[in-house]
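The values are calculated or read from the model by the stated rules, or taken from the named source; none is laboratory data. Computed from a prediction, not measured in an experiment: that's the story for all the values here. Don't worry about glycine lacking a Cβ; one is built from the backbone with ideal geometry, like all the others, and counts go over all protein chains shown. What goes into the accessible areas is simple: the full protein's heavy atoms, side chains included, and nothing from ligands, DNA or RNA. Shrake-Rupley method; radii C 1.70, N 1.55, O 1.52, S 1.80 Å.
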Amino acid sequence: MDTSIQILENVSLAPYTTLRIGGAARYFVTAANERDLIEAFQFASANGLDTFVLGGGSNILVADAGFDGLVVQIGLKGISTGSNPSEISAQAGEDWDGFVAHCISQGSAGVECLSGIPGSVGGTPVQNVGAYGQEVSESIVSVRCFDRNEGRIVELMNADCGFAYRTSTFNSTQKEKFVVLAVTFRLKQNGVPTVVYKDLLDNFAGRQPTLQEARDAVLKIRRAKSMVIDASDPNSLSAGSFFKNPVVSNGEYEQVLSDFNGALPKFAVDDDNVKIPAAWLIENSGFHKGYRLGNAGISTKHTLAIVNCGGATAKEVIDLKDSIQASVERKFGILLQPEPIFVGF
């Protein structure tokens, strides 16, 4: 079919990911606007191609063989405020941390603890991104999407998105249906930051910080764990936290505790469930900071991050992932679930 978009062939995907790993895409296109995106999917449909939507590349692992289909890079940009000054909309291709900085500069509270998280705005509702006491689902009003099944643009309200811990309808029940185009947030004008995370509480010692001070503290904590993308820090060649913190029932927690016969940290999720730190499970299953398996390894600063130590392949990352999962399950009876999206496997 004739198309006005520029379709490239055999494009290496590694440079588009924070892990810097992966083979080439058979076809590649950057969608600068909604029309481009719709046209890209029409091209894929007409040619019988599988598609993968690429955002900031911070939460994916691309197979060594690459992706035998069309990769659609989201290039939609723009931030705007509507008639309600507390609501702000950002296009999916906007850099997430840049958006957070913009909100703080406007005195808007609600996303300050999510500073420093790599990736794009469009990826945040998919994973229900959260950190240091905040989740995006707490401030999202609606998500503008392209419905791939119906070929039209729709608006999903917060209640339609199925938000839960690191989960949404976009990565679970309808993971192949929607492409995020823009997100609208409702923030607190002249609000105060959320300070509930222990490291933040300790940092401010009872003092109420400004939004900027809270952002600076979060960035400092993240940098100490190499969780901020920094070209000079080899530990930042990662996909962030590679495993989700498992959520188990109180009964399951007590069973693991009795079997383990030792201290087992937990954080309450609700009356019936608790969250166990995945990093603690990994460390107590024989893995340590700096552990290596070939050219893939565990960050020297944070046990949850799998890093590219230099020239790592996707297979080496998968081998390390499998080894960690098997050890944790063998010792604690808990199967850790990975956070990244696996592309081309």
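Nearest-5 percent of antiparallel DSSP beta bridges in the chain?
Numbers: 44 of 57 bridges.
Of those bridges, close to 75 percent are antiparallel.
Over all distinct alpha-carbon pairs, what is the Kirkwood Rh of the chain in angstrom? Mind showing how you got there, number by number?
Values: mean 1/r = 0.0473 Å⁻¹.
Result for the chain stands at 21.2 Å.
Are there trypsin sites (Lys or Arg not before Pro) in segment 153-216 that DSSP puts in a loop and that have at most 12 other Cβ atoms within 10 Å, and which ones? Write out the running numbers ahead of the final one.
Numbers: sites: R166, K175, K177, R186, K188, K198, R207, R215; in loops: R166, K175, K177, R207.
Here the sparse-neighbourhood loop sites are K175, R207.
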Got a sec to turn the phi values of segment 86-103 into Karplus ³J(HN,Hα) couplings, 6.51 cos²θ - 1.76 cosθ + 1.60 with θ = phi - 60°, whole Hz, x for Gly and Pro? 7, 9, 10, 10, 10, 5, 4, x, 5, 5, 4, 5, x, 5, 4, 4, 4, 4
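Treat every Asp and Glu Cβ in segment 250-345 as -1 and every Lys and Arg Cβ as +1, leave all other atoms uncharged, and give the resulting dipole magnitude about the Cα centre to the nearest 20 debye.
Details: 9 positive and 12 negative charges, 114 e Å.
Roughly 540 debye, rounded to the nearest 20.
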Treating cross-link reach as a plain straight distance, find the aspartates and glutamates whose alpha-carbon is under 12 Å from the alpha-carbon of K77, omitting any fewer than eight places away in the same chain. E34, E94, D95
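If I compute solvent accessible area with a 1.4 Å probe over the protein chains, what percent of it on segment 245-339 is carbon and sulfur? Numbers along the way, then the final one.
Working: 2190 of 4590 Å².
The computed percentage sits at 48.
When the helix-only estimate is applied to the chain (DSSP H runs of n ≥ 4, each -39,500 (n - 2.57), divided by the residue count), what is the mean residue ellipticity at 222 nm, nearest 500 deg cm²/dmol? Mind showing how you got there, number by number?
Details: 8 runs with 85 residues, N = 345.
Using -39500 (n - 2.57) per qualifying helix, the result is -7500 deg cm²/dmol.
In Å², and per residue, what accessible area does segment 159-313 have when probed at 1.4 Å with the other protein chains present?
Working: 7800 Å² over 155 residues.
Dividing the accessible area of segment 159-313 by its residue count gives 50 Å².
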Could you give log10 I(q)/I(0) at q = 0.09, 0.11, 0.17 Å⁻¹ for segment 199-345, computed by the Debye formula over C-alpha point scatterers of equal weight, without solvent? -0.34, -0.50, -1.04
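What part of the accessible area of segment 143-217, given as a whole %, is carbon or sulfur when the probe is 1.4 angstrom?
Values: 1920 of 4090 Å².
On segment 143-217, the fraction of accessible area on carbon and sulfur atoms equals 47 percent.
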Local electrostatic count at A25 - Lys and Arg +1, Asp and Glu -1, tallied over other residues with Cβ under 15 Å: -3
Percent of accessible area on segment 27-114 owned by carbon and sulfur, 1.4 Å probe? 43 percent
Springs between alpha-carbon atoms under 10 Å, Gaussian network over the chain: tell me which of G107, G82, G162 tops the mean-square fluctuations. G82
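Of all beta bridges DSSP finds with both residues in segment 53-202, what is the antiparallel percent, to the nearest 5? Intermediate values should be presented prior to the final figure.
Working: 27 of 29 bridges.
Antiparallel bridges make up about 95 percent of those DSSP assigns within segment 53-202.
In Å², and per residue, what accessible area does segment 1-157 have when probed at 1.4 Å with the other protein chains present? Could the numbers behind the result be given before it?
Numbers: 6140 Å² over 157 residues.
For segment 1-157, the per-residue accessible area is 39 Å².
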